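Student: I am attaching a structure below and will ask some questions about it afterwards.
The values are calculated or read from the model by the stated rules, or taken from the named source; none is laboratory data. From a predicted model like this one, the values you see are computed outputs, not experimental measurements. Cβ: placed from backbone, ideal geometry, glycine included. Neighbour counts: every protein chain shown.
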């Protein structure tokens with residue numbers, strides 16, 4: 001208000017003005033993101049009536065059931081598949097990010113855009129393309145005249161996850177490598193470090209934040225995925241996402257589905273907090 | 001396909017002229033590895049597009065060029081209404097999420113209230129939450145408040161997860177602007193709103209546009225959230241693809257997938273090149289990836 005006459009007073013009015021901008025988006029996220037998570041938690045302690053409708057209540061056995069010998073292997077499998085996905089994404093993604101950042105030259109942007117591009121092809125279509133390629137009578141077996149069983153194996157499901165989430169690993173590592181001063185690597189070599197030693201003691205530690213970010217960004221969606229296991233695997237490869245999906249659309253046991261979802265969210269929360277803290281630190285460093 | 005794979009190879013001589021090459025510095029296997037990587041990424045997509053033009057039902061042998069499957073796609077009234085539904089969802093999501101997200105970004109950068117920290121965390125969490133969690137909790141919310149599942153519920157869900165993308169992109173741009181120009185405008189007698197409209201917003205446009213188109217593409221392609229929040233009909237295209245795949249692979253899906261790819265590419269292409277067409281020096285990719293970093 002008074003800013004026009006007295007810039008010194010602008011602070012208060014600027015705060016009010018900017019807070020007004022904050023308000024609609026924050027309220028939206030509160031209503032449509034946080035409140036639903038609360039409802040999720042409430043229903044996860046609920047039960048169902050004879051018609052399958054959800055009723056609120058106090059039934060912690062939903063959580064006990066999740067660790068039932070029938071379901072516990074599914075939870076473990078989800079974490080195992082997601083970890084394998086992270087390791088593979090790192091093994092493939094790091095060299096690619098390194099190649100683009102160090103040797104991409106003027107085409108860096110094009111090469112990075114090509115990494116991101118497949119991400120904008122519908123995930124279902126991309127996954128289903130692999131069904132056509134790897135199926136028992138698919139393109140690969142047809143072309144090679146072989147009879148290899150790819151689908152309905154853990155390898156196919158993990159492969160699908162890697163294909164789906166690889167870009168999440170490459171981008172943060174690329175960003176970290178791109179920020180890094182290449183003369184550091186030259187220095188390591190000038191000091192007679194071997195290629196491997198330079199990588200281990202100079203390059204990798206300098207990009208560790210990026211690796212960590214990539215690992216979390218791949219791990220989080222991979223744990224919750226159900227498309228890859230459904231299309232490329234079978235019931236023996238089902239992950240927690242498939243289990244949750246079944247509770248909502250086949251078994252009609254929403255409280256149990258909610259309990260599974262809550263458990264997964266709580267487990268992943270550790271990694272989210274880790275990621276958000278390191279991202280906050282990185283952005284503070286970038287500003288400084 | 002081949003043009004994609006050839007690119008890494010084309011780089012070598014170019015770089016050699018830019019900087020004296022060091023042989024030990026550029027391991028050959030990396031280049032080969034990059035080739036294989038791009039092949040692996042694009043081969044499945046290329047196959048989908050190729051077989052969408054196949055004249056026969058075969059998914060193994062390409063037996064001639066035809067538009068049969070596109071014809072099937074567009075002559076099916078229910079698929080057409082699904083396509084329109086998908087575009088509607090993405091368009092509404094784009095407009096609302098871009099508005100809310102841009103405002104949120106401005107508020108987060110400029111406001112220093114005690115709520116800023118909490119709002120910032122609340123904005124970031126949707127970005128790292130697995131979609132199935134967002135889908136399940138949205139479904140529970142809508143059924144608990146008695147909202148009939150329809151295109152509206154899908155749009156509400158999509159807006160929620162899109163706001164954060166917009167905020168992150170626009171905030172990066174805003175942080176690089178600094179408050180100096182705004183302060184100059186205020187000193188010259190502009191009101192806060194005039195300053196925002198005449199000074200801040202024009203500087204933000206490339207980021208806002210790029211973020212909006214990104215959101216359009218993400219929403220148009222989204223399956224998981226739509227799957228949990230969709231009503232009976234019309235259902236968005238990805239949900240239709242899901243039901244169709246479960247009955248077995250048919251070439252019509254290739255046509256739908258290729259067509260969706262074309263629309264997404266259009267949105268992303270616009271996001272990348274519009275800033276330049278508007279006479280800006282920076283590319284959209286820089287705007288989108290610029291400050292996000294790790």
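Student: From the list A:184, A:161, pick out the single residue that is crowded, with 23+ Cβ neighbours inside 10 Å and more than 10 Å from every other protein chain (Cβ to nearest Cβ).
Tutor: After applying the criteria, what remains is A:161.
Student: Consider only pairs whose beta carbons are under 7 Å apart and that are at least six residues apart or on different chains; among these, list those whose first residue lies in the stretch A:15-37 and is at the interface with chain B (Cβ under 7 Å from one of its Cβ atoms) and in contact (Cβ under 8 Å) with a residue 40 or more places away in the chain and whose second residue is assigned to a helix (DSSP H, G or I) and surrounded by 15 or more Cβ atoms within 10 Å (Cβ to Cβ).
Tutor: These pairs meet every condition: A:37/B:137.
Student: I'd like the full set of residues that are assigned to a helix (DSSP H, G or I), within 11 Å of chain A (Cβ to nearest Cβ) and over 17 Å from residue B:120 (Cα atoms), limited to the stretch B:160-182.
Tutor: B:176, B:182
Student: Identify, from the list A:94, A:81, the residue that is within 21 Å of the chain's Cα centre (by Cα), buried (at least 20 other Cβ atoms within 10 Å of the Cβ) and within 12 Å of chain B (Cβ to nearest Cβ).
Tutor: A:94
Student: Does residue B:100 meet the test of being more than 9 Å from every other protein chain (Cβ to nearest Cβ) and either surrounded by fewer than 24 Cβ atoms within 10 Å (Cβ to Cβ) or farther than 27 Å from residue A:274 by Cβ (or both)?
Tutor: no
Student: Looking at residue A:222 and the list (1) within 18 Å of the chain's Cα centre (by Cα); (2) under 17 Å from residue A:75 (Cβ atoms); (3) free of Cβ contacts under 8 Å to residues at least 40 places away in the same chain; (4) more than 7 Å from every other protein chain (Cβ to nearest Cβ), which single condition is not satisfied?
Tutor: Going through (1) within 18 Å of the chain's Cα centre (by Cα); (2) under 17 Å from residue A:75 (Cβ atoms); (3) free of Cβ contacts under 8 Å to residues at least 40 places away in the same chain; (4) more than 7 Å from every other protein chain (Cβ to nearest Cβ) one by one, residue A:222 breaks only (3).
Student: In the stretch A:117-149, what count of residues is obtained for those that are farther than 17 Å from residue A:235 by Cβ and either under 25 Å from the mean Cα position of the chain (by Cα) or outside any loop (DSSP other than H, G, I, E, B) (or both)?
Tutor: Within the stretch A:117-149, residues that are farther than 17 Å from residue A:235 by Cβ and either under 25 Å from the mean Cα position of the chain (by Cα) or outside any loop (DSSP other than H, G, I, E, B) (or both) number 23.
Student: Has the stretch A:64-72 got at least one residue that is over 28 Å from residue A:41 (Cβ atoms), out of contact with any strand residue (DSSP E or B) (no Cβ under 9 Å at 6 or more places or on another chain) and crowded, with 21+ Cβ neighbours inside 10 Å?
Tutor: no
Student: Can you tell which of B:147, B:141 is outside any helix (DSSP H, G or I) and free of Cβ contacts under 8 Å to residues at least 12 places away in the same chain?
Tutor: When all the criteria are applied, what remains is B:147.
Student: Turning to a different aspect of this structure: Take residue A:17 and decide whether it is modelled with pLDDT under 85 and part of a helix (DSSP H, G or I).
Tutor: It is true that residue A:17 is modelled with pLDDT under 85 and part of a helix (DSSP H, G or I).
Student: Kindly indicate the residue of the stretch A:38-47 that is in contact (Cβ under 8 Å) with a residue 40 or more places away in the chain and part of a helix (DSSP H, G or I) and also nearest to residue B:155 (Cα to Cα) among those meeting that condition.
Tutor: So the residue we want is A:40.
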